[in-house]
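Everything on this sheet refers to the single structure shown next.
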Amino acid sequence: MSSALPPIRALSKSLKELRVHMSQNSPASRGLRDFIIKSYPGLKEANPGLPILIREASGVESRIIARFELGRERKIVVDNLGVSDVEQKFNALVSEAK
C-alpha cells in the first residue's frame, strides 16, 4: 500500500456537499478512515468552500454521499475496500459532476 496519494485537485463547482459515514473502529471502515486521514487536508485546501461532513457511528455502513446542483445525490458504499479502491470510487463519484 502506498503511503502517499496523488495531489488533490479542485472539484467541480456543481458539487455542493460531501458526506462521509463510517464506523470509528470497524475493520470494514478502515480503508475509508485511512483515505480521509490522508486526503482530507489536501481536499479541503483545494476546495475551501465545499462542505465536507464526516460522521462516525458504531456499526454503520461505510459510504460517501455527494450532493450536486439541483439536489441530485449519489452514494457509494466502500465497506471492506482498501485506500486505493476508496480513492478510485471517490474519483468516479465526484467526476459525475461534469
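What residue among GLY31, GLY82, GLY59 shows peak mean-square fluctuation when the chain is described by a Gaussian network model with Cα springs under 10 Å?
Comparing GLY31, GLY82, GLY59 in a Gaussian network model of the chain, the most mobile one is GLY59.
Which residues' amide hydrogens lie under 5 Å from the amide hydrogen of GLU17, considering only partners 5 or more residues apart or on another chain, with H built in the peptide plane?
Under 5 Å from the amide H of GLU17 lie the amide H atoms of ARG67, each far enough along the sequence or on another chain.
Among SER62, TYR40, LEU18, whose Cα sits farthest toward the positive end of the charge dipole of the chain (+1 at Cβ of Lys/Arg, -1 at Cβ of Asp/Glu, about the Cα centre)?
Selected residue: LEU18.
Sort 12-25, 61-74, 42-55 by the packing proxy (mean of other Cβ within 10 Å over each peptide's residues), most packed first.
By packing density, highest mean first, the sequence is 12-25, 61-74, 42-55.
At a 1.4 Å probe radius, carbon and sulfur cover how many percent of the accessible area of the range 11-70? List each step's numbers first, then the result.
Details: 1630 of 3110 Å².
Percent of accessible area from carbon and sulfur atoms in the range 11-70: 52.
With a probe of 1.4 Å, find how much accessible area the chain has per residue, and write the answer as a whole number in Å².
Using a 1.4 Å probe on heavy atoms only, each residue of the chain averages 57 Å².
Given (i) 1.17; (ii) 0.95; (iii) 1.01 as candidate values of Cα Rg over 2.2 N^0.38 Å, which corresponds to the one derived from the coordinates?
Answer label, from the structure shown: (iii).
Can you grab the distance from the C-alpha centre of the range 21-74 to the C-alpha centre of the range 77-91, Å, no decimals?
11 Å
Only Lys, Arg, Asp and Glu count, each charged at its Cβ (+1, +1, -1, -1), so figure out the dipole size of the chain about its Cα centre, rounded to 20 debye.
Approximately 240 debye in magnitude.
Using the Karplus curve 6.51 cos²θ - 1.76 cosθ + 1.60 with θ = phi - 60°, what ³J(HN,Hα) values do you get for each residue of the range 30-36, in whole Hz, with x for Gly and Pro?
4, x, 5, 4, 5, 4, 5
The values are calculated or read from the model by the stated rules, or taken from the named source; none is laboratory data. None of these values were measured; they are calculated from a predicted model. Because the Cβ atoms are built from the backbone with ideal geometry, glycine has one as well, and the counts that use them run over all protein chains shown. Calculation scope for accessible area: heavy atoms of the full protein, side chains included, ligands and nucleic acids excluded. Shrake-Rupley method; radii C 1.70, N 1.55, O 1.52, S 1.80 Å.
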